[in-house]
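S.K.: Structure in structure tokens, see below.
Each reported figure results from applying straightforward, stated rules to the coordinates on display, with no laboratory input. Just so we're clear, the structure is a prediction, and the values are computed from it rather than from any experiment. FYI the Cβ positions are ideal-geometry reconstructions off the backbone, even for glycines, and counts take in every protein chain you see.
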Amino acid sequence: MTANRMQPQPVRVVLTDLSSDVVEAWRAAFADTPEVEIRKGSILDETVDAWVSPTNSRGRMDGGTDAAIKRHLGAGIQLRVRRAIRDGFGGSLPVGSAVCVPSGAVNPKFLIPTPTMEGSSQNVSETLNVALACAAAFQAIHRQNREAPGSIGSVALVGMGARTGRVPARVCANLMWTGYTLFNDHRFEDFDDLRSTIVAQLEDLEAAPATERVRIDPAGRGAARR
């Protein structure tokens with residue numbers, strides 16, 4: 001395992017969604033992290049350096065948030081996303097991975113697609129995909145800022161998997177909190193380590209109450225429930 005404890009560059013994090021249920025669930029899950037901004041609305045209205053888009057493994061932007069972003073930024077964004085997936089992952093982006101591509105716009109400067117599902121409209125409500133996808137998106141920010149310091153100082157995310165993936169709002173919020181705490185605490189050198197760490201420590205999550213949050217410990221001492 002190659003996770004590194006670190007003091008990451010401060011990044012302003014905005015959680016925004018059109019669903020009142022998701023917004024209320026975030027407010028409960030992130031109650032002790034007041035630095036995270038939470039509001040009801042469209043990600044398209046957020047002025048930040050990067051938008052995170054829950055996608056599928058092939059980068060086909062044909063539904064949900066993906067489709068709205070493609071309409072907003074133009075068809076060229078899907079070409080850039082699919083090219084990055086082809087060049088970096090052989091054409092299929094595993095759940096628990098992400099790419100960071102220039103958006104071609106002033107706002108946002110970058111788009112970070114991260115798959116919550118392999119195909120389009122897949123039910124992922126009984127999986128850990130939201131935690132994997134959210135953590136991968138944040139780790140992509142670490143990578144981008146390592147390559148070009150200060151290039152991403154703010155990011156907006158929607159309720160990952162809560163719409164097309166049919167993940168219950170409270171489960172979505174708790175799994176996104178898990179991904180966020182990893183962003184603050186650790187940087188992984190590759191996505192394989194990130195995936196294996198999360199899966200190893202959250203594999204029994206299905207038996208836990210929906211109100212519990214889980215902080216991952218990449219040092220290998222096990223997940224801490226809250």
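S.K.: In the chain, what % of DSSP beta bridges are antiparallel (nearest 5)?
M.R.: Details: 6 of 23 bridges.
Bridges in the chain that DSSP calls antiparallel: roughly 25 percent.
S.K.: Rounding to the nearest 20 debye, state how big the charge dipole of segment 1-108 is about its Cα centre with +1 on each Lys and Arg Cβ and -1 on each Asp and Glu Cβ.
M.R.: Details: 13 positive and 12 negative charges, 115 e Å.
It works out to roughly 560 debye.
S.K.: For His186, His142, His72, what's the fewest-to-most ordering of other Cβ within 10 Å of each Cβ?
M.R.: Details: His186 23, His142 20, His72 14.
Going from least to most buried by this count: His72, His142, His186.
S.K.: May I ask what percent, to the nearest 5, of DSSP beta bridges between residues of segment 33-144 are antiparallel? Don't skip to the answer; put the middle values down first.
M.R.: Values: 2 of 9 bridges.
Around 20 percent antiparallel, to the nearest 5.
S.K.: Which peptide among 126-139, 57-70 comes first, and what is the full order, when sorted by highest mean count of other Cβ atoms within 10 Å?
M.R.: Details: 126-139: 25.6, 57-70: 19.9.
The packing order, highest mean first, is 126-139, 57-70.
S.K.: With springs only between Cα atoms under 10 Å, which of Thr178, Thr116, Thr33 fluctuates most in a Gaussian network model of the chain?
M.R.: Highest fluctuation among the options: Thr33.
S.K.: Can you tell me the length gained on complete extension of the stretch Asp190 to Arg12, counting 0.36 nm per residue apart and subtracting the Cα distance? Let's see the in-between values first.
M.R.: Values: separation 178, 0.36 × 178 = 64.08 nm, distance 2.32 nm.
Stretched fully, the Asp190-Arg12 segment lengthens by 61.8 nm.
S.K.: Another question about this same structure. Would you tally the net charge around Thr47, using a Cβ to Cβ cut-off of less than 14 Å, leaving Thr47 out, and scoring K and R as +1, D and E as -1? Write out the running numbers ahead of the final one.
M.R.: On the way: positive: Arg12, Arg39, Lys109; negative: Glu37, Asp45, Glu46, Asp49.
Its environment carries a net charge of -1.
S.K.: Given H placed 1.01 Å from N in the peptide plane, which residues other than close sequence neighbours of Ile38 have an amide H under 5 Å from its amide H?
M.R.: Answer set, sorted by chain and number: Leu15.
S.K.: Additional query: Taking neighbour counts of Cβ atoms within 10 Å as a proxy for exposure, in what order, fewest first, do Val23, Val13, Val106, Val158 appear? Each step should come with its number before you reach the end.
M.R.: Numbers: Val23 19, Val13 22, Val106 7, Val158 26.
Ascending Cβ contact count within 10 Å gives the list Val106, Val23, Val13, Val158.
S.K.: Quote the charge dipole size of the chain about the Cα centre in Debye, to the nearest 20; the model charges only the Cβ of Lys and Arg (+1) and of Asp and Glu (-1).
M.R.: In debye, rounded to 20, the chain gives about 460.
S.K.: Among Ala75, Thr197, Asn174, which residue has its Cα furthest toward the positive end of the charge dipole of segment 8-225, with +1 on Lys/Arg Cβ and -1 on Asp/Glu Cβ?
M.R.: Checked the options; the winner is Ala75.
S.K.: Can you sort Ser151, Ser53 so the residue with the fewest Cβ neighbours within 10 Å comes first?
M.R.: Values: Ser151 16, Ser53 28.
Ranked by crowding around the Cβ, least crowded first: Ser151, Ser53.
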